[in-house]
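Chemist: First the structure, which I've put down as structure tokens, then a few questions once you've had a look.
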Amino acid sequence: EQAIRGGGSDAVSVAVSIDGGIVHEAAMGARVPDTFDSVEPTDKFRIASISKTITAITALQLVEEGVVGLDDPIGSLVAQAVGVDGPSSGVSDLTVRKLLTHTSGFPQYENLFFRNQVGSCEEAAAVGITRSLQGASFRYSNMNFCVLGLLIEQLTGQDYEQVVYERLLTPLGISGMRLAPTEDPGPGEVVHRTVPGRTYMEVLGAAGAWVASPADLVTILDSLDPDSPGWKPLEPGTVAQMKTAVNDPLSPDRGYGMGVILYGGGAAGHTGTVESTHAMVFDRSDNVTWAVTVSGENPSETVRLVGIVDRALAA
């Protein structure tokens, strides 16, 4: 509270688990800025790009079941999903692996996603798959996971959100999460300050539009640990692939894997940052997992939450 609320943010919520069991939850601040409506630990915050971990798990479940191969070309399927006659040269050879690891060659498309140029993930994908790709090196782009969400729908014949619930959230006992719009939060959801008329949550889709509580995030990340109790969405071998970085062959435990960020020494998680939002989930190497969700602009960089939480735990 001192580090985050004291720096000007409206609300912060936290959950901590040890060996797969949640041992602490707390929430501080206002659910609605500038009111006395207090936030509760069960309230849902924007989690932004932590959504990519959720999408990655769901996509890899389909890979495990043989619905699609990690290296099968899927560009034509995505073109069908958005009503485009055909993908551009190179997009036809897109694969699930390339999308999961941000090695597809998609540019970042910051203006497309955040400057009201389109109104949905489908519209953004229609732009992305008709333009040229930019090489096969790592380049973090929301387009990869927007496209993955559409691919999941095309492969299953179901709504992306429904697939995630059936395959991941419901088996974990999680409810109340959803893909939220930029404005008009639902009951039990925190209001993040926003400039009226923006549409980035709708455009991000599977790349960044989920809302969740810290306990939800800890539960999801802990489900990837084969040694923790409870239901597991993926086989250990698949999780090992998720947690192998693509950035530098000499540092496979540091960088970006498949929908997770690897911090070295066995630590893994993901950050999420959009307007008035900082969120992070972090699985330490000592079987402590924590998640923090913030409504506000403090800290200025989301990854600073690691130091803030470390100091809080030490205190």
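Chemist: Out of residues 5 or more away from Asp10 or on other chains, whose amide H comes under 5 Å of its own, with H placed 1.01 Å from N in the peptide plane?
Modeler: Residues meeting the criterion, in which the H sits 1.01 Å from N, are Ser295, Gly296, Glu297.
Chemist: Separate question: Taking loop as defined by DSSP and a crowding limit of 13 other beta carbons within 10 Å, which trypsin sites (Lys or Arg not before Pro) in the stretch 51-123 fit? Could the numbers behind the result be given before it?
Modeler: Details: sites: Lys52, Arg97, Lys98, Arg115; in loops: Arg115.
The qualifying sites are Arg115.
Chemist: Using 0.36 nm per residue of separation minus the Cα-Cα distance, give me the extension gain between Ser76 and Trp231 in nm, one decimal.
Modeler: Length gained between Ser76 and Trp231: 52.4 nm.
Chemist: Add -39500 (n - 2.57) for each DSSP H run of 4 or more in the chain, then divide by its residues: what number comes out at 222 nm, to the nearest 500 deg cm²/dmol?
Modeler: Values: 11 runs with 91 residues, N = 315.
The per-residue figure over the chain is -8000 deg cm²/dmol.
Chemist: In whole percent, and with a 1.4 Å probe on the protein chains, what portion of the accessible area of the chain is carbon and sulfur? Each step should come with its number before you reach the end.
Modeler: Numbers: 6160 of 12570 Å².
C and S atoms contribute 49 percent here.
Chemist: Another one. Quick one: net charge of Ala79's neighbours, Cβ under 12 Å, K/R +1, D/E -1?
Modeler: Numbers: positive: none; negative: Asp85, Glu122.
Its environment carries a net charge of -2.
Chemist: Also, I was wondering about something else. Set Lys and Arg Cβ to +1 and Asp and Glu Cβ to -1, take the dipole of the chain about its Cα centre, and tell me which of Gln241, Ile152, Ser17 lies farthest positive.
Modeler: After comparing all options, I get Gln241.
Chemist: Could you give the Stokes-Einstein D for the stretch 10-72 in µm² per second, using the C-alpha Kirkwood radius, 25 °C, 0.890 mPa s? Mind showing how you got there, number by number?
Modeler: Values: Rh = 14.7 Å.
Diffusion coefficient, whole number: 167 µm²/s.
Chemist: Convex hull over the alpha-carbon atoms of the chain: what's its volume per residue in Å³?
Modeler: Values: hull volume 38.7 nm³, N = 315.
Hull volume over Cα atoms, normalised by residue count, gives 123 Å³.
Chemist: A further question on this structure: Choose one answer from Val82, Val147, Val67: the residue with the largest mean-square fluctuation in a GNM of the chain with alpha-carbon springs under 10 Å.
Modeler: Largest GNM mean-square fluctuation: Val67.
Chemist: Taking the Cβ of Tyr165 as the centre, find all other residues whose Cβ is under 15 Å away and add up their charges (Lys, Arg: +1; Asp, Glu: -1). Provide the component values of the computation, followed by the final result.
Modeler: Details: positive: Lys44, Arg167, Arg178; negative: Glu153, Asp159, Glu161, Glu166, Asp216.
With Lys, Arg at +1 and Asp, Glu at -1, the neighbours total -2.
Chemist: Take the chain, connect every pair of alpha-carbon atoms lying under 10 Å apart with a spring to form a Gaussian network, then pick out the residue of Ala26, Ala268, Ala15 with the largest mean-square fluctuation.
Modeler: Ala26
Chemist: Right, another one. With a 1.4 Å probe and all protein chains in place, put Phe138, Phe114, Phe36, Phe45 in order of accessible area, largest first. Don't skip to the answer; put the middle values down first.
Modeler: Numbers: Phe138 75, Phe114 40, Phe36 210, Phe45 0 Å².
In descending accessible area the options line up as Phe36, Phe138, Phe114, Phe45.
Chemist: Related question: Normalised by the residues of the stretch 225-285, what does the relative contact order come to in percent, with Cα pairs under 8 Å and at least six apart? Walk me through the numbers before you get to the answer.
Modeler: Values: 85 pairs, mean separation 11.4, N = 61.
About 19 percent, as a whole number.
Chemist: So what's the gap between the Cα centers of the stretch 237-309 and the stretch 37-89, to the nearest angstrom?
Modeler: Using only Cα atoms, the two centres lie 18 Å from each other.
Chemist: Enumerate the amide H contacts of Lys232 below 5 Å, restricted to partners 5 or more residues apart or on another chain; note that Pro and chain-start residues carry no placed amide H.
Modeler: none
Chemist: Just subtract the alpha-carbon distance of Phe36 and Asp19 from 0.36 nm times their residue separation and send over the number in nm, one decimal. Working shown, then result.
Modeler: Details: separation 17, 0.36 × 17 = 6.12 nm, distance 3.57 nm.
Additional length available on full extension: 2.6 nm.
Chemist: Moving to a separate point now. Let me have the relative contact order for the chain, percent, based on Cα pairs under 8 Å that are six or more residues apart.
Modeler: Reported as a whole number, the value is 26 percent.
Chemist: Rounded if a/c is under 1.5, else prolate if a/b beats b/c, else oblate: with a ≥ b ≥ c from the C-alpha gyration tensor eigenvalues square-rooted, which is the stretch 156-312?
Modeler: Working: a/c = 1.66, a/b = 1.24, b/c = 1.33.
Verdict is oblate for the stretch 156-312.
Chemist: Further question on the same structure: Let me know the shape class of the stretch 99-238, please: from the alpha-carbon gyration tensor, a ≥ b ≥ c as square roots of the eigenvalues, rounded when a/c is under 1.5, otherwise prolate if a/b is greater than b/c, or oblate. Provide the component values of the computation, followed by the final result.
Modeler: On the way: a/c = 1.97, a/b = 1.23, b/c = 1.60.
Oblate shape, in that a/c is at least 1.5 and b/c is the bigger or equal ratio.
Chemist: Then there is this: What nm distance separates the two modelled labels at Asn111 and Ser137, each placed 7 Å from Cα along Cα→Cβ?
Modeler: Each label point lies 7 Å from its Cα, and together they span 2.3 nm.
Chemist: Give a residue-ordered list of calculated ³J(HN,Hα) values for the stretch 8-25 (Karplus: 6.51 cos²θ - 1.76 cosθ + 1.60, θ = phi - 60°; whole Hz; x for Gly, Pro).
Modeler: Once rounded to whole Hz, the list reads x, 6, 7, 7, 9, 9, 9, 9, 10, 10, 10, 6, x, x, 6, 10, 7, 9.
Chemist: So, one more: Using θ = phi - 60° and the Karplus relation 6.51 cos²θ - 1.76 cosθ + 1.60, list the HN-Hα couplings for the stretch 285-295 in order, rounded to whole Hz, with x at every Gly or Pro.
Modeler: So the Karplus estimates, Gly and Pro as x, are 6, 9, 6, 9, 10, 9, 9, 10, 10, 10, 9 Hz.
Chemist: Under 5 Å between amide hydrogens, which residues at least 5 positions from Asp253 or on another chain qualify, with H placed 1.01 Å from N in the peptide plane?
Modeler: Under 5 Å from the amide H of Asp253: Ala245.
Chemist: Given a 1.4 Å probe, how much area per residue of the chain is accessible, in Å²? All intermediate terms of the calculation are to be shown ahead of the outcome.
Modeler: On the way: 12570 Å² over 315 residues.
About 40 Å² of surface per residue is accessible.
Chemist: On the first, second and third principal axes, largest extent first, how far apart are the outermost C-alpha atoms of the stretch 56-141 in Å?
Modeler: Extents along the principal axes, in whole Å: 37, 27, 24.
Chemist: On to the next question. Please give the charge dipole size of the chain, origin at the Cα centre, charges +1 on K and R Cβ atoms and -1 on D and E Cβ atoms. Round to the nearest 20 debye. It would help to have the intermediate numbers written out before the result.
Modeler: Values: 20 positive and 38 negative charges, 133 e Å.
That gives a dipole near 640 debye.
Chemist: Under a Cβ-Cβ cut-off of 15 Å, what is the net charge of the residues other than Trp210 that fall near it, where Lys and Arg count +1 and Asp and Glu count -1? Before the final figure, lay out each step's value.
Modeler: Numbers: positive: Lys44, Arg46, Lys52, Arg167, Arg178; negative: Asp43, Asp159, Glu161, Glu189, Glu202, Asp216.
Spelling it out: positives minus negatives among the neighbours equals -1.
Chemist: Oh, and also: How many times 2.2 N^0.38 Å is the alpha carbon radius of gyration of the stretch 125-208? Mind showing how you got there, number by number?
Modeler: Details: Rg = 15.2 Å, N = 84, 2.2 N^0.38 = 11.8 Å.
Against the empirical 2.2 N^0.38 Å value, I get 1.28 for the stretch 125-208.
Chemist: How high is the FRET efficiency between Ser88 and Gln162 when r is their beta carbon distance and R₀ equals 22 Å, given to the nearest 0.05?
Modeler: On the way: r = 30 Å, r/R0 = 1.36.
Plugging the Cβ-Cβ distance into 1/(1 + (r/R0)^6) gives 0.15.
Chemist: With springs only between Cα atoms under 10 Å, which of Val68, Val23, Val191 fluctuates most in a Gaussian network model of the chain?
Modeler: Val23
Chemist: While we're here: Under the Karplus relation 6.51 cos²θ - 1.76 cosθ + 1.60, θ = phi - 60°, what is the ordered set of whole-Hz ³J(HN,Hα) values for the stretch 237-253, x standing for Gly and Pro?
Modeler: Calculated HN-Hα couplings, in order: x, 5, 4, 4, 5, 4, 9, 10, 6, 9, 5, 9, x, 7, 10, x, 9 Hz.
The values are calculated or read from the model by the stated rules, or taken from the named source; none is laboratory data. Note that the coordinates shown come from a computational prediction; the quantities given were computed from them, not determined experimentally. Every residue, glycine as well, gets a Cβ built from its backbone with ideal geometry; the counts of neighbours run over all protein chains shown. In case anyone asks, the SASA skips ligands and DNA or RNA and just uses the protein heavy atoms, side chains included. Shrake-Rupley method; radii C 1.70, N 1.55, O 1.52, S 1.80 Å.
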